[in-house]
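Visitor: Input: one structure, supplied below.
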Protein chains: 2
Amino acid sequence: MSGFEPIRYHHGEVALTGRLIRPAGPPRAGIVIYPTIINGSARIEQAARDLAASGYLAFIADFYGEIPADFDAARPLADAARADTGYFRQRLRAALDALRGLPEMQGLPMAAIGYCMGGAAVLELARDGADLAAVVSFHGLLDTDRPAPPGVIAARILVCHGDADPLAPRENVLAFWKEMDAAGATWHFHSYSGVKHNFTDPASDLRGSDMFGYNASADRQSWAAMQSLFDEVFAAG
Amino acid sequence: MSGFEPIRYHHGEVALTGRLIRPAGPPRAGIVIYPTIINGSARIEQAARDLAASGYLAFIADFYGEIPADFDAARPLADAARADTGYFRQRLRAALDALRGLPEMQGLPMAAIGYCMGGAAVLELARDGADLAAVVSFHGLLDTDRPAPPGVIAARILVCHGDADPLAPRENVLAFWKEMDAAGATWHFHSYSGVKHNFTDPASDLRGSDMFGYNASADRQSWAAMQSLFDEVFAAG
C-alpha cells in the first residue's frame, strides 16, 4: 500500500486536488470516496487506507479545492458547490473522470462511496446515470430536487443509514424508496436502530450535538456490507 | 464437519426431532435454525452445513414432529402450532433448550436464525426475552399479537427483508420499527428492492406464485450480513 498521492483535476475553472492511495498488488477496481462537508478527515483517510488494503485503488475526491478550517467555514463552500444540482453533479463527476483517466485504471470497474454530504453525492451520481458498478452511502442525505428518471440509474445502490439520523428521517426513507423504485434502481437499504448522523466517525462524539454519534457496530457492519457488495459486483464485472 | 444427527426433544406431549451438525473444530457458538412452514428443505440443510463449515454447532429445529408432504399439509400443522403465541413460543424454546442441553454447548453463546415462518419464530423468541446473542430473520413475517414489552429483548436483531414481499408490506415494516423501538431493542433492518418472499431458496421459482422468488444477490448479501453480525457478537461474548 502506497501513501497518499495528490492528483490535480478541474471542474471548469475550479482547481481540485484528489488524493490517491494504491493497493500493494494489482488493483481489483477503483473507488472514489466523497468526504463529509468538511472535505476530508482522519476517518475518510482511514476508509481510503482500508480500501487500498482490500485491493482497491482509492481516490478521495475534493469538493471545494480547499480544506475549510471548521464547519462554519465549510457551510458556504458547500452551499456554493450544491447551489444547483446539475452543477454539483458536474463537480462530482470531475472526480470520477480524474480517477478514470489514470493509466492504471484502464479496463477496471469503478464504484463510489460517500459520507454525509458525500453520501448524498454518490446518490446524485447514481441519479445522474454515472457508469459505476455500485454506490454506497454512509449516513448520507436521501432527498434531491432532481429525482432519477426511469431507466437512468446504472449503479447498484447500498444505503447504510442511522434510523435516528435527524437529517434523514423516516419520511425521507420512504420517499427515497419510492423514488428509487420509480427509477427502476436496484437498492439495498440498511437501517440501524437508534443510530445517529455520522455514525462512522469516532470524532462525532466530540461535536457536542445530539444529532451526531459514533456507533461502532453500525460502522463495522456497514463497512462489511460494502465489502460484501463489492465482492459481488466486482466478481461479476 | 459431521453429517446430520437426529436429536429428540419434547414440547409437552409433542415429540420433536432436531437435526444437529457439528463443525470440524471446537464450536464458536450454537445456532438454532428455524425452517419455513414446510419444516425443512434442501435450502435449510444447506444453511446448517454452511454454519457448521463456519465453525458453528448448527441445530435445525422441528416445528411439528412430522414433515408435511406439501404446503397444503403444512398449513393446518402450522395453524395448530401457532394458534396461541404463548404456546408457539414454548414450542420454539424447546429447540433452544434441546441445543442448550447438549454437553458440548456448555459455556457457549447461542443465536437463532429463521426463514419465513422461522423468521417470525426468531422474532417471537426475541420478544419473549430468550437468552440469545442475536436473532436473524430471513424473509420472516414481522407482525405479532404480543408486542415486546420494554426492556425484555436481549438479542441483537437483524432482519433481512425483501421489499416486494407481500407477506410483510411496508406498513408492517414501519410498525415493526415502532414496536422494536418501544421495546428498546437493538435492530438492524436490511431491505432489498424488488425482492420477493422466500428469496433465499432457488426452489422459490418453482412455486408458480408471483409472491415468491429467489434472488441470488439478496441471498448472498443477507448471509454475509448474518456472518458479520455473528463475528461481532461472538467476538464480544
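The values are calculated or read from the model by the stated rules, or taken from the named source; none is laboratory data. All of these numbers come straight from a predicted model, not from anything done at the bench. Positions of Cβ are generated from backbone atoms using ideal geometry, with glycine treated the same way; all protein chains shown enter the neighbour counts. What goes into the accessible areas is simple: the full protein's heavy atoms, side chains included, and nothing from ligands, DNA or RNA. Shrake-Rupley method; radii C 1.70, N 1.55, O 1.52, S 1.80 Å.
Visitor: Looking at segment B:1-151, what % of its DSSP beta bridges pair antiparallel, to the nearest 5?
Guide: 40
Visitor: Might you report the magnitude of the Cβ-based charge dipole of chain A about its Cα centre, with Lys and Arg at +1 and Asp and Glu at -1, to the nearest 20 debye?
Guide: It works out to roughly 400 debye.
Visitor: Using a 1.4 Å probe on protein heavy atoms only, how many Å² of accessible area do A and B hide from each other, summed over both chains and rounded to 100?
Guide: 2300
Visitor: Counting Lys +1, Arg +1, Asp -1, Glu -1, what net charge surrounds A:ASP84 among other residues with beta carbon under 15 Å of its beta carbon?
Guide: +2
Visitor: Distances from A:PRO169 to the same residue in each other copy, label points 7 Å out along Cα→Cβ, in nm, shortest first?
Guide: When each copy's label point is compared with this one, the spacings are 2.4 nm.
Visitor: What ranking of A:THR200, A:THR17 comes out by heavy-atom accessible area, probe 1.4 Å, highest first? Spell out each step's value before the answer.
Guide: On the way: A:THR200 0, A:THR17 50 Å².
The most accessible residue leads, giving A:THR17, A:THR200.
Visitor: Name the chain B residue nearest the rotation axis between B and A, going by Cβ position, and give the distance in whole Å.
Guide: B:HIS190, 3
Visitor: Around A:PRO202, with a cut-off of 12 angstrom between Cβ atoms, what is the net charge of the other residues, counting Lys and Arg +1 and Asp and Glu -1? Mind dumping the intermediate values first?
Guide: Details: positive: A:ARG43, A:ARG207; negative: A:ASP201, A:ASP205, A:ASP219.
Around A:PRO202, the surrounding residues sum to -1.
Visitor: Sticking with this one: Note every residue of segment B:170-200 with a reduction of at least 40 square angstrom in accessible area, all protein chains present versus the isolated chain, computed with a 1.4 Å probe, or write none.
Guide: B:ARG170, B:LEU174, B:TRP177, B:TRP187, B:HIS188, B:HIS190, B:SER191, B:SER193
Visitor: A follow-up question, please. Farthest toward the dipole's positive end in segment B:44-192, which of B:TRP187, B:LEU174, B:PRO76, given Cβ charges of +1 (Lys, Arg) and -1 (Asp, Glu) about the Cα centre?
Guide: B:TRP187
Visitor: Between A:ASP231 and B:ASP84, how high is the FRET efficiency from 1/(1 + (r/R0)^6) when r is the Cβ-Cβ distance and R₀ = 56 Å? Nearest 0.05. Let's see the in-between values first.
Guide: Working: r = 44 Å, r/R0 = 0.79.
The calculated FRET efficiency here is 0.80.
Visitor: What spacing in nm lies between the two simple spin-label points modelled at A:ARG220 and B:GLU66, each 7 Å away from Cα in the Cβ direction?
Guide: 4.5
Visitor: At 222 nm, what value in deg cm²/dmol follows for chain B if DSSP H runs of at least 4 each add -39500 (n - 2.57) and the sum is divided by all its residues, to the nearest 500?
Guide: -12000 deg cm²/dmol
Visitor: Measuring label to label, 7 Å along Cα→Cβ, what does B:ASP145 give against each other copy in nm, shortest first?
Guide: 5.2
Visitor: Right, another one. How would the protein assembly as shown be classified by its alpha-carbon gyration tensor: rounded, prolate or oblate, with rounded meaning a/c under 1.5 and the a/b versus b/c comparison settling the rest? Can you show the working numbers first?
Guide: Values: a/c = 2.06, a/b = 1.97, b/c = 1.05.
Here the protein assembly as shown falls in the prolate category.
Visitor: Just to confirm, what accessible area per residue do you get for chain A at 1.4 Å probe, in whole Å²? Spell out each step's value before the answer.
Guide: On the way: 8930 Å² over 237 residues.
I get 38 Å² per residue for chain A.
Visitor: Run the label-point distances for B:GLU13 please: 7 Å along Cα to Cβ, every other copy, nanometres, shortest first.
Guide: Once sorted, the set of distances for B:GLU13 reads 8.9 nm.
Visitor: Taking every pair of distinct Cα atoms and averaging 1/r, then inverting, what Kirkwood hydrodynamic radius in Å comes out for chain B?
Guide: By the Kirkwood definition, the hydrodynamic radius is 17.6 Å.
Visitor: Cβ under 14 Å from B:ALA168's Cβ, B:ALA168 left aside: what net charge do those residues give with Lys, Arg +1 and Asp, Glu -1?
Guide: Computed value for this residue: -3.
Visitor: Then there's this: What part of the accessible area of chain A, given as a whole %, is carbon or sulfur when the probe is 1.4 angstrom?
Guide: Accessible surface attributable to carbon and sulfur in chain A totals 53 percent.
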